Amino acid sequence: MRSARHLLRLSLLSALVLVSACKKQEETKPEATAAEATQAAAPKQKALKVGLVTDVGGRGDQSFNDSALRGLELWGAGKKLESGSYKNAPPEELKASLPPDLASHDIAPVAITPVVLQSKVPEDYEPNLQLLVDQGVSMAVGVGFMLENAVETVARRNPDAKFLLIDSQLVSADGKPYTLPNVRTVMFREEQGSFLVGALAGLTTKTNKVGFVGGMEVPLIKKFEAGFRAGVAATHPKATVLVNYTGSFDNVSAGKQVGQDLVAKGADVVYHAAGSDGLGVIQAVKEARAAGKPVFVIGVDSDQSHLAPEAVLTSMLKRVDLGVYEAVRDLAEGKFTGGDMMLGLKEGGVAYAPVRVDFPGKAEALQKVEELRAKVISGEIQVPTSPTQTAAPARP
């Protein structure tokens with residue numbers, strides 16, 4: 001009996017010590033910050049599914065499609081694709097991808113889940129877009145003007161779904177642009193960015209010959225050519241511009257062949273607007289430089305300097321990533337609207353990448369390019385959108 005009372009006292013004493021310790025721990029625990037309390041109290045936002053259909057250039061083109069994917073995956077979702085699955089991207093990687101000129105756009109990931117379908121042939125565009133809708137995405141992105149018909153067809157078939165079309169307006173059967181309430185189109189003033197890199201090419205060339213390589217010979221790519229040629233003329237009126245088209249956007253070997261041809265004809269600065277074909281152009285110039293020729297290449301859409309650091313003079317940046325990100329952000333915030341958007345130098349839609357290579361007169365050349373940039377933004381310089389508005393291009 002005495003033993004039982006002894007055990008009871010010990011149990012009660014242990015309980016009192018435990019309660020006292022817990023109370024002390026609660027008293028010494030720091031209060032939650034207001035932000036923490038708000039975050040804890042707020043309901044967790046459900047991630048929206050946003051789908052994207054590439055054009056035939058696909059993931060890995062280091063240019064147009066990869067820029068769109070950056071806007072969706074890295075900037076929009078804060079994710080990166082590794083071994084076939086998404087993982088959270090390190091904050092430093094996201095920060096490194098944001099150029100200083102976009103600081104005012106407040107780019108930060110939102111609550112979305114990306115879904116990407118790659119197109120092998122143009123016939124994939126429409127079924128891929130419909131598949132995204134069937135999978136319940138809140139918005140489907142069509143990357144490239146070649147998806148215009150597919151986006152139009154699927155958007156009409158699914159009026160409750162939202163769509164983003166990059167690089168083209170919707171065009172009616174009689175060729176007139178029109179809008180749908182569930183489709184946003186984003187286009188760019190490619191001629192303005194091309195004008196700046198053309199001006200730099202004119203200031204850099206030593207042979208007085210520069211080259212332009214286009215992909216498909218369509219009005220959109222003609223804007224690149226027109227701007228480039230106008231820029232060259234602005235800084236080096238006597239320079240010859242050699243122009244050639246590959247006829248595709250997914251043929252690296254064709255791009256390399258055309259690039260080699262232009263270099264052989266004396267072009268010492270070559271600008272490409274040819275999708276994956278441009279990877280071949282860059283390789284051609286890289287090999288020519290390794291063989292001792294002082295030649296440069298100008299990339300397009302994304303900063304392509306990492307592909308050939310010694311050979312890439314700069315790149316004409318076409319902010320497809322920005323166009324995609326802003327649509328994603330608007331969707332997440334319930335602010336998505338249809339209609340047409342146009343992004344140029346003033347809006348941060350086009351620019352040129354940092355010039356990392358050295359050449360005689362670099363500082364003066366960049367100063368001149370910046371002066372021209374200010375004149376384009378102010379409207380003092382109107383950049384042509386078609387080669388027919390300037391002198392006829394010289395063809396090899």
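Report the antiparallel proportion of the DSSP beta bridges in the chain as a percent, rounded to a multiple of 5. In the chain, approximately 15 percent of DSSP beta bridges are antiparallel ones.
Computed extension gain for Ala264 through Asp340, at 0.36 nm per residue and net of the alpha carbon distance, reaches 23.1 nm. Under the combined filter of DSSP loop state and at most 13 neighbouring Cβ atoms within 10 Å, the stretch 258-361 retains these GluC sites (Glu not before Pro): Glu310, Glu333. Can you work out the base-10 log of I(q)/I(0) for the chain at q = 0.09 1/Å, using the Debye formula on its C-alpha atoms alone? Result of the Debye calculation: -0.57.
The amide H of Thr314, built 1.01 Å from its N in the peptide plane, has Gly299 as neighbours under 5 Å, considering only residues 5 or more places off or on other chains. When peptides 203-216, 162-175 are sorted by average Cβ neighbour count within 10 Å, with the highest value leading, the order is 203-216, 162-175.
Cross-link pairs exceeding 22 Å in C-alpha to C-alpha distance, out of Lys46/Lys120; Lys209/Lys368; Lys46/Lys80; Lys162/Lys346, comprise Lys46/Lys120; Lys162/Lys346. For the chain, the 222 nm mean residue ellipticity estimated from helices alone, with every DSSP H stretch of n ≥ 4 adding -39500 (n - 2.57) and the total spread over all residues, rounds to -12500 deg cm²/dmol.
When the chain is treated as a GNM with alpha-carbon contacts under 10 Å, the residue of Ala150, Ala68, Ala47 showing the greatest mean-square fluctuation is Ala47. Pick from Pro122, Pro354, Pro100 the residue whose mean-square fluctuation is largest in a GNM of the chain, springs joining Cα atoms under 10 Å. Comparing Pro122, Pro354, Pro100 in the GNM, the peak value goes to Pro100.
Using a Gaussian network model of the chain in which every pair of alpha carbons under 10 angstrom is joined by a spring, one finds that among Gln62, Gln130, Gln382 the greatest mean-square fluctuation is at Gln382. Scanning residues 5 or more positions from Lys162 or on other chains, those with amide H under 5 Å from its amide H are Ala140, with H placed 1.01 Å from N in the peptide plane. The label point for Asp134 and the one for Arg356, both projected 7 Å from the Cα toward the Cβ, are 4.4 nm apart. Restricting the stretch 64-151 to trypsin sites (Lys or Arg not before Pro) that sit in a DSSP loop and have at most 11 other Cβ atoms within 10 Å of their own Cβ leaves Lys120.
For the stretch 169-270, applying the loop criterion from DSSP together with a ceiling of 16 other beta carbons within 10 Å to the GluC sites (Glu not before Pro) yields Glu217.
Since every read-out is calculated from the coordinates, none of them should be taken as a lab result. Everything numeric here is computed off the predicted structure, so don't read it as measured data. A quick note on method: Cβ atoms are made from the backbone with ideal geometry, for glycine too, and the neighbour counts reach across all protein chains shown.
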